[in-house]
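The values are calculated or read from the model by the stated rules, or taken from the named source; none is laboratory data. Predicted model, so just to flag it, every value in this text is computed and none were measured. Backbone-built Cβ (ideal geometry, glycine too); neighbour counts: all protein chains shown. Surface accessibility is based on the protein's heavy atoms, side chains included, excluding ligands, DNA and RNA. Shrake-Rupley method; radii C 1.70, N 1.55, O 1.52, S 1.80 Å.
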Amino acid sequence: MDLTDVKLYLRIDSDEEDELLESLIKTAVAYIRQAVDDYDVKIIQSEDFRLLAEQCQRILVVEMYENRNAYGQKHLDYSYTIRSMISQLQFWGGDADV
């Protein structure tokens with residue numbers, strides 16, 4: 001997943017927020033990497049795992065981007081979709097497809 005992919009997903013045409021988006025991408029990847037054991041191995045071994053992880057990263061970026069002004073207020077929980085996808089990644093039992 002890269003900046004172009006995220007900008008397309010968010011429908012952002014300008015370059016004004018590229019630095020913020022790059023930071024959010026790194027944060028989303030780090031968040032999932034820390035939540036999932038053997039993330040670096042699984043993402044190489046399984047195409048299905050990689051696709052699910054990348055979609056989860058996109059959704060995390062969207063939530064962080066859209067709620068960037070809400071931090072400092074009431075604690076915001078991640079959506080059910082993100083929590084569910086992270087749980088699927090954490091309990092990944094799929095065989096390697098590569």
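Taking all protein chains in place and a 1.4 Å probe, what share, in percent, of the accessible surface of the chain do carbon and sulfur account for? Intermediate results must be reported in sequence, preceding the final value.
Working: 3140 of 6540 Å².
Of all accessible area on the chain, carbon and sulfur atoms account for 48 percent.
Could you grab the Rg to Rh ratio for the chain? Cα atoms only, Kirkwood for Rh.
0.99
Exposed loop trypsin sites (Lys or Arg not before Pro) only (DSSP loop, at most 15 other Cβ atoms within 10 Å): please give the longest stretch of the chain free of them, not including the sites.
Working: sites that count: 11, 68, 74.
Formally, the longest exposed-site-free interval is 12-67.
Once label points are set 7 Å from the Cα along Cα→Cβ at both residue 68 and residue 23, what is their separation, rounded to one decimal in nm?
Taking the simple label geometry, residue 68 and residue 23 are separated by 0.7 nm.
Ignoring chymotrypsin sites (Phe, Trp or Tyr not before Pro) that are buried or in helix or strand per DSSP, and keeping those with at most 14 other beta carbon atoms within 10 Å, what is the longest stretch of the chain between them?
For chymotrypsin sites (Phe, Trp or Tyr not before Pro) (loop position, at most 14 other Cβ atoms within 10 Å), the longest site-free span of the chain is 1-70.
Given a Förster distance of 35 angstrom, what is the FRET efficiency for residue 10 paired with residue 37, based on the Cβ-Cβ distance and rounded to 0.05? Spell out each step's value before the answer.
On the way: r = 30 Å, r/R0 = 0.85.
It comes to 0.75.
If you roll a 1.4 Å probe over the heavy atoms of the protein chains, what accessible area per residue do you get for the stretch 1-52, in Å²? Could you put the intermediate results ahead of the total?
On the way: 3500 Å² over 52 residues.
Counting only protein heavy atoms, the per-residue value for the stretch 1-52 is 67 Å².
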